[in-house]
Amino acid sequence: MPFITHLKIKYKLGLMLFFPMVGLLYFSLILMVEKAQTAQDMRGLAELTLLSITLSHIVHAVQLERGASSLFLKNQGQKFTEE
C-alpha cells in the first residue's frame, strides 16, 4: 500500500478511525433495531394480557351464572327465584 506512505498524518489517523467507527455505527444500528422490535413485541403482549384479563372476567361471570342456574334447576325453582 504505497499510497498510504505518501499521505499526511491527519489522513492516516482519519483512515485508522474510519473503519472502527463504521463498525460501531453498524452494530449500534443493529442493536437499536433489535430493541425497537422487542418494544413492539412487548406492546403486543400487553394488549394480549388485557384481552386475557377481560376474557377471564367473562368466563367467571358465565361460571357464576351456571352455578346459579344449577341451583335453580336442582331446587326446581323453589329457592333463589328472587336472584
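Descriptive notes on the structure:
- In the range 1-25, the residues that are free of Cβ contacts under 8 Å to residues at least 24 places away in the same chain form Cβ pairs under 9 Å with partners that are of a type in the set (F, W, Y) and in a helix (DSSP H, G or I), at six or more places apart or across chains, as follows: I4/Y11.
- Unique residue being surrounded by 10 or more Cβ atoms within 10 Å (Cβ to Cβ), of a type outside the set (S, T, N, Q) and outside any helix (DSSP H, G or I) when the list is L24, L15, L7, L55: L7
- For first residues located in the range 48-71 and free of Cβ contacts under 8 Å to residues at least 40 places away in the same chain, partners that are surrounded by 10 or more Cβ atoms within 10 Å (Cβ to Cβ) and not in a helix (DSSP H, G or I) and lie 6+ apart or on another chain with Cβ distances below 7 Å form the pairs A68/F80; L71/F80.
Bear in mind that the values in this text are calculations on the coordinates, not laboratory data. Note that the structure is predicted; figures quoted are calculated from it, not measured. So basically every Cβ, Gly included, is an ideal-geometry build from the backbone, and we count neighbours across all protein chains shown.
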